[in-house]
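Worksheet: the structure to be examined is printed underneath.
FYI, it's all coordinate maths here, none of it is from the lab. Bear in mind the structure is a predicted one, so any value in this text is a computation, not a measurement. Cβ placement follows ideal geometry from the backbone for every residue including glycine, while neighbour counts extend to all protein chains displayed.
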Amino acid sequence: MSEDGRLIANFRVNLVPAVLSLANPPWQRDVWLDPSTFENLDHIFHVLFDDFCDADAPESYLGTSLRTEEEVALMRELGAALIAAQSEAPSDTDAEYLQATVWPEVVAVAGRLAQVMVSNDLAELVALHDAEPTAGSPPE
């Protein structure tokens, strides 16, 4: 795997689960509302806006944590939906976010983005597998 491939894999191993958690309301209720768990919405915001992407301006992450223009557009849409939900959470609690009127939009956009990201990752895995020489055959 190339150095660029390793970089994107290291970023996506954090980014994809964060997007998946935004697409999963039962997970949100069971995990984020449980104070004994590590993951909460603050962690997700850091992953999406600070650590592995900038959901406000995701274009600069194309090729680093986002694979396609479609992922960039959906990440921008997800960032806007999360910021809209933030305006409905004056005390910045996870419970307030989950009650926000725009939260169903967050879940829907995250679901679309998760599907695209997982499909793109699987296509990349297939391409890597197909590029590997089979046992006993010379490399291409």
Mean Cβ neighbour count within 10 Å, used as a protection proxy, ranking 84-90, 67-73 highest first: 67-73, 84-90
In degrees, nearest ten, helix 103-131 long axis to first principal axis of the chain (Cα): 10
Dimensions in Å of the range 63-113 - Rg and Dmax from alpha carbons: 12.1, 36
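Name the chymotrypsin sites (Phe, Trp or Tyr not before Pro) in the range 27-112 that are in a loop by DSSP and that have at most 11 other C-beta atoms within 10 Å, would you?
Those that pass, being in a loop and sparsely packed, are F38.
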Coordinate range along principal axes, alpha carbons of the chain, Å, largest first: 62, 31, 22
